[in-house]
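The values are calculated or read from the model by the stated rules, or taken from the named source; none is laboratory data. Since this is a predicted model, take the numbers as computed values, not measurements. With ideal geometry, Cβ positions are generated from the backbone for all residues, glycine too; neighbour counts draw on all protein chains shown.
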Amino acid sequence: MALPGSGVLTLADIQTEFGGTNPISLSEYYRGGGLVPDSSLNTGVPTSGVISVSDFYGSANLLNLDFLTHGTGVNGSSISIGTARSTRIVHLSGYTTNATFPTSVTIGGITASLIKRGGIVSLNSTPGNVWQAWAKVPTGTTATVSVSTACTYYIATFNTVNGGSSGTGTATGAAGSSSTFTFTVANPGVVFWGGTTTEPAGFVGGANSLSTSSPGGVTYYLFRSGQAQLCMGYNITSTANSRTFTMTYATGKIGGAGACASMFRAN
């Protein structure tokens, strides 16, 4: 709950909103210093120097998601990750077109969390694998990404007070079936999901697709058809209840199919 925009405001009120220890000192409450989020709600709170109780009118212990995309990269790329901040998550939605999954990912030298799922490689099939990786990267405006195999990935950044994902899932499927992930989402928040199918040469069927019950639908990063069909996308969540995120697999002679998903909450 935000602090009042006018009237009586005390040190105790500030501590109730943002936490902290006794005896109360305003020097604990610089914006971006660990207790007060560096968000648009708190721009009146200084990051250093002179600080007073009146600086906290209208401030709140809440983050804006501040979701941004930054294009694509490949293994070894130095990528743009925007403005440095302690709450920043860097998220990669990636794929490989070889038979090898990533086994490790680092972003700016920080070991990333990693989930992965792909089609089973069969005779005369073109393999396709999808994966996601993320890490809190508080410093720098660029970061070098190191992945254990050749790959391409899509880059997003956003804010969270949490250590990482609030939910993940992986699944396998069959031709014409689907995999559904159910998350209790939050406003603001974001869900990333996607998958792949592999098909033998000469047996390319329909197309994969993504869908969701979350308002706003799917924003696709990638929609690629052919023997290695890949699709990946995201949804900015605008509700605070249970929502579904579905990967529907193409029909045809599929050698294998799989999907993965991750969900993040700003607060």
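Observations on the structure shown:
- Answer residue from the stretch 93-105, given it is closer than 12 Å to Val74 by Cβ and of a type outside the set (Val, Ile, Thr) and is modelled with the highest pLDDT among those: Gly94
- One residue stands out among those in the stretch 43-57 that are of a type in the set (A, V, I, L, M) and more than 29 Å from the chain's Cα centre (by Cα): the one that is surrounded by the fewest Cβ atoms within 10 Å (Cβ to Cβ), which is Val50.
- When we screen Val45, Val90, Val74 for residues that are of a type in the set (A, V, I, L, M, F, W, C), under 30 Å from Thr10 (Cα atoms) and either at pLDDT 95 or above or not assigned by TED's automatic domain parsing to the domain that holds Thr196 (or both), the only hit is Val45.
- Any hit, the stretch 177-195, residues being assigned by TED's automatic domain parsing to the domain that holds Leu222, crowded, with 18+ Cβ neighbours inside 10 Å, in contact with a Gly (Cβ under 7 Å, 6 or more places away or on another chain) and not in a strand (DSSP E or B): no
- Residues of the stretch 106-132 satisfying the condition of being at pLDDT 95 or above and part of a loop (DSSP other than H, G, I, E, B): Gly108, Gly109, Ala112
- When Ala135, Ala143 are checked against the criterion of being over 21 Å from Thr16 (Cβ atoms), free of Cβ contacts under 8 Å to residues at least 60 places away in the same chain and in a strand (DSSP E or B), a single residue qualifies: Ala135.
- Residue in the stretch 6-25 that is surrounded by 16 or more Cβ atoms within 10 Å (Cβ to Cβ) and in contact with a Ser or Thr (Cβ under 6 Å, 6 or more places away or on another chain) present: no
- The residues listed here are Leu92, Leu68, Leu63; of these, the one that is surrounded by fewer than 16 Cβ atoms within 10 Å (Cβ to Cβ), within 23 Å of Thr168 (Cα to Cα) and either in contact (Cβ under 8 Å) with a residue 40 or more places away in the chain or charged (D, E, K, R) (or both) is Leu68.
- The set of residues in the stretch 23-55 being farther than 22 Å from Asn159 by Cβ and in contact with a helix residue (DSSP H, G or I) (Cβ under 8 Å, 6 or more places away or on another chain) consists of Ile24, Leu26, Ile51, Ser52, Val53.
- From the options Asn98, Asn162, residue that is in contact (Cβ under 8 Å) with a residue 40 or more places away in the chain, outside any strand (DSSP E or B) and more than 28 Å from Arg31 (Cα to Cα): Asn98
- Residue check, Ala207 outside any loop (DSSP other than H, G, I, E, B), in contact (Cβ under 8 Å) with a residue 12 or more places away in the chain and in contact with a strand residue (DSSP E or B) (Cβ under 9 Å, 6 or more places away or on another chain): no
- For Asn98: the one exception among (1) outside the structural domain of Trp193 (by TED's automatic domain parsing); (2) surrounded by fewer than 17 Cβ atoms within 10 Å (Cβ to Cβ): (1)
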